[in-house]
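In what follows, a single structure is set out as structure tokens and then discussed.
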Amino acid sequence: SCEFDPLQHRFLVSNGSSVAIVNGSGTAIGTLPGAASAAYGMEVVNNQLFAINGSAVKVYALIDGSLLGTANIAGASFLNGMASDGANRIWVTDFSAKKIHEIDFTNLASPVVTVVVSNTSVTPNGICYDATQNRLVLVSWGSNAAIKAIDLSTNTLSTIVTTSLGNIDGVDNDNYGNYYLASWSPNAITRYSNEFTTSQTITVTGGVSS
């Protein structure tokens, strides 16, 4: 996972036992100090880094990597993707258990974990938050991978579109309502319109498999 730290103007990259720091030119310049580590999904919120660590989500201070809080997720199998509302709520996909967890970090010392979807029916991977429509957009693994939505007012799961893509790994959106999906087949970034009615493959020199 890769996240932009707007206060320090740098990128943070999950690196297993550490979090790599990369400058705007794409050069690795060190690692986040302290005990900060992340193997999969991350989110930067309010000068804090939320990171998946095994069966837990941990919160680190961006300034020094100190641990601020931990949310242990009972029964977690393979936590993978992460999204946030930019305030207190974090959502995490469980790739193997096919679940979506919500964590309320209003109180860092005592986060509240809730299962919002107990069976996604597909293998969930990347996830992002759509504030305009009060929903989560979820992408999945496998051939003809589906893009699904979770209505946060009811936690209802629905299919937005079934794609021709294989193994969609990540998803994000921009201020214009466009969605960007990273897939393994093809090895590319695909941009979808807000309504998911049109799509365009974005060419990346050298591919995106690295």
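The values are calculated or read from the model by the stated rules, or taken from the named source; none is laboratory data. Treat the numbers as computed from the prediction; the structure is a model and nothing was measured. Neighbour counts are summed over all protein chains in view; Cβ atoms, including those assigned to glycine, are modelled from backbone coordinates with ideal geometry. Calculation scope for accessible area: heavy atoms of the full protein, side chains included, ligands and nucleic acids excluded. Shrake-Rupley method; radii C 1.70, N 1.55, O 1.52, S 1.80 Å.
So the values come out like this:
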read-out: The range 45-76, subset modelled with pLDDT under 95 and touching a Pro at 6+ places or on another chain (Cβ under 7 Å), residue nearest to SER96 (Cα to Cα); value: GLY65
read-out: Output for the range 113-139, where each listed residue is at negative phi and free of Cβ contacts under 8 Å to residues at least 24 places away in the same chain; value: THR114, VAL115, SER118, ASN119, GLN133, ARG135
read-out: Failed item, numbered, when THR197 is tested on (1) surrounded by 15 or more Cβ atoms within 10 Å (Cβ to Cβ); (2) assigned to a loop (DSSP other than H, G, I, E, B); value: (1)
read-out: Strands (runs of 3 or more DSSP E) lying entirely in the range 63-147 (those with 2 or more residues that are more than 25 Å from ALA35 (Cβ to Cβ) and polar (S, T, N, Q)); value: 123-130
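Each row is one residue, and each column tells you yes or no for (1) under 20 Å from ALA131 (Cβ atoms); (2) touching a residue at least 24 places away in the same chain (Cβ under 8 Å).
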{"residue": "GLY30", "(1), (2)": "no, no"}
{"residue": "PRO33", "(1), (2)": "no, yes"}
{"residue": "ASN46", "(1), (2)": "yes, yes"}
{"residue": "SER55", "(1), (2)": "no, yes"}
{"residue": "VAL59", "(1), (2)": "no, yes"}
{"residue": "ALA74", "(1), (2)": "no, yes"}
{"residue": "SER84", "(1), (2)": "yes, yes"}
{"residue": "ILE90", "(1), (2)": "yes, yes"}
{"residue": "ASN107", "(1), (2)": "no, no"}
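Quick grid of which residues meet (1) within 25 Å of PHE50 (Cβ to Cβ); (2) open to solvent by 50 Å² or more (accessible area, probe 1.4 Å):
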{"site": "LYS98", "(1), (2)": "yes, yes"}
{"site": "THR106", "(1), (2)": "yes, yes"}
{"site": "VAL117", "(1), (2)": "yes, no"}
{"site": "PRO124", "(1), (2)": "yes, no"}
{"site": "ARG135", "(1), (2)": "yes, no"}
{"site": "SER143", "(1), (2)": "no, yes"}
{"site": "THR159", "(1), (2)": "no, yes"}
{"site": "SER185", "(1), (2)": "no, yes"}
